[in-house]
Amino acid sequence: MSPPPKLLMQNTVSVEKRLLKEAERLHENMRHLGYSMNECLLFAPQTLRINELKGQKNAVLLAHSYQRPEILFGVADFMGDSFGLSVNASETKAKTIVFCGVHFMAETAKILNPQKTVLIPALDAGCSLAESITAENVIELKKKHPNVPVVCYVNTSAQVKAQCDACCTSANALKVVEAMPGNEVIFLPDEYMARNLQEKTKKKIHYWNGTCIVHESFTADQILAYKASFPDMKILSHLECTPEVVALSDLAGGTTDMYNYIKASDAKRFMLVTECGMSDLLRARFPQKEFINPCSVCPYMKKIHLENILEALEKEQFEVNVPEPILSRAKVSLDRMLEIGK
Ligand code: 13P
Ligand code: SF4
């Protein structure tokens with residue numbers, strides 16, 4: 001039996017009110033990025049449904065800073081850099097973790113929470129750095145440099161982590177390298193990050209030749225051209241950029257370092273030499289500051305959107321699993337990082 005027309009009208013009105021309220025919530029943050037109220041109204045049904053499902057399924061949603069604004073401001077319970085998200089993943093009480101980031105990040109969450117269900121909405125959200133090296137490559141490197149400790153950037157597969165002594169992220173790479181015993185370190189897989197670290201440590205760094213397709217695209221000439229147009233602007237680059245770009249920067253670090261720098265700085269204008277999501281996030285956080293592009297889009301990070309997050313929660317897909325003994329061995333490297341990085 002269909003509901004009486006008066007009740008139907010009341011229901012329609014209350015649904016419309018909820019959608020409007022949700023769109024206003026999204027618009028509050030996203031207007032600084034140029035999103036209109038109408039665009040926010042289009043996202044509202046999905047963000048409402050996702051948030052509802054999270055509650056019903058006791059799920060928590062972790063989102064890397066490079067994710068789309070409607071994910072960061074609409075459905076994320078925690079947002080941040082790889083390190084911050086690893087900490088969140090190790091502390092959550094939820095039964096399920098939906099990881100909006102790339103595959104190695106979801107794998108890291110699983111390693112730190114073997115008893116929980118970890119879902120990634122898009123299986124093809126990879127990473128050029130993680131794909132640049134295999135466990136066999138690490139074994140060969142260790143043979144070439146016997147007894148030299150191996151530090152791997154968190155942007156690696158679980159199999160690679162299992163062959164290393166400690167992991168690191170861009171937020172704690174130098175600290176982890178310095179904490180290793182001896183005067184030499186094998187650092188992998190990012191060649192540019194290794195060379196940037198070499199500038200800051202006395203230890204001899206042996207590196208691999210992986211690169212990030214997003215950060216290697218920035219050139220020193222490009223930075224110099226922007227510097228000429230905006231001499232007063234502060235340049236913040238990610239450690240995955242080339243040493244030539246880093247040499248022209250006021251700060252080289254991870255995404256959280258950039259946030260902290262801007263928060264503490266009196267400067268009005270900044271250029272973030274990193275993925276576009278980070279500029280969007282900071283533009284929303286610091287609407288009184290000006291952010292000059294160029295930024296570059298990570299095609300892997302952008303594989304995730306509201307539609308596949310909704311599907312992930314509805315169908316409880318795609319579950320990320322790491323087999324033993326890889327999981328336990330990789331966990332030793334991650335625990336070492338969490339211990340040193342504290
Ligand atoms: P963060 O460690 O700064 O979060 O960066 C991860 C990443 O993939 C950078 O490209
Ligand atoms: Fe990997 Fe680079 Fe994308 Fe980060 S930005 S996920 S390092 S490809």
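FYI, it's all coordinate maths here, none of it is from the lab. Owing to the predicted nature of the structure, the values given are computational and were not obtained by experimental measurement. Note: ideal-geometry Cβ built from the backbone for every residue, glycine included; neighbour counts use all protein chains shown.
Couple of notes before you dig in:
- Fraction of beta bridges assigned by DSSP in the chain that are antiparallel (%, nearest 5): 5
- Calculated [θ] (222 nm, deg cm²/dmol) that DSSP helices of n ≥ 4 give over the chain, each run adding -39,500 (n - 2.57): -14500 deg cm²/dmol
- The label point for THR219 and the one for VAL87, both projected 7 Å from the Cα toward the Cβ, are 3.9 nm apart.
- For the stretch 284-294, putting each phi into the Karplus relation 6.51 cos²θ - 1.76 cosθ + 1.60 with θ = phi - 60° gives couplings of 6, 6, 10, x, 7, 9, 10, 10, 9, 6, x Hz, in residue order, rounded to whole numbers and with x for Gly and Pro.
- A dipole drawn for the chain from +1 and -1 charges on Cβ atoms has a positive end, and of ALA59, ASN308, LEU281 the residue lying farthest that way is ALA59.
- Length-normalised contact order for the chain - Cα pairs under 8 Å, 6+ apart - percent: 20
- FRET efficiency, ARG329 to LYS200 (Cβ-Cβ, R0 22 Å, nearest 0.05): 0.15
- For a straight C-alpha distance cut-off of 28 angstrom, the lysines reachable from LYS289 (same-chain residues fewer than eight places away being disregarded) are LYS21, LYS227, LYS234, LYS263, LYS268, LYS302.
- The distance separating the Cα centre of the stretch 254-306 from that of the stretch 178-244 comes to 18 Å.
- Relative contact order computed over the stretch 56-176 (Cα-Cα under 8 Å; 6+ residues apart), in percent: 20
- Note on LYS204: lysines with a C-alpha under 28 Å away, same-chain residues under 8 apart excluded, are LYS142, LYS143, LYS144, LYS161, LYS175, LYS331, LYS342.
- Projecting the Cα positions of CYS241, VAL13, VAL98 onto the charge dipole of the chain (unit charges on Cβ atoms of Lys, Arg, Asp and Glu, taken about the Cα centre) puts VAL13 furthest along the positive direction.
- Couplings for the stretch 71-79, taken from phi via the Karplus curve 6.51 cos²θ - 1.76 cosθ + 1.60 with θ = phi - 60°, read 7, 4, 8, x, 10, 6, 8, 9, 10 Hz in order; Gly and Pro are left as x.
- Spacing of the two label points (7 Å from each Cα toward its C-beta) at LYS289 and GLN317, in nm: 4.1
- Full extension of the segment from ARG18 to GLU184, taken as 0.36 nm per residue of separation minus the current Cα-Cα distance, would add 53.9 nm.
- 0 to 90° range, to nearest 10: angle between helix 306-315 axis and the chain longest Cα axis: 80
- Simple Cβ-charge dipole of the chain, Lys/Arg +1 and Asp/Glu -1, about Cα centre, in debye nearest 20: 720
- Nearby lysines by direct alpha-carbon distance to LYS315 (threshold 19 angstrom, same-chain neighbours under 8 apart not counted): LYS54, LYS57, LYS95, LYS110, LYS116, LYS303
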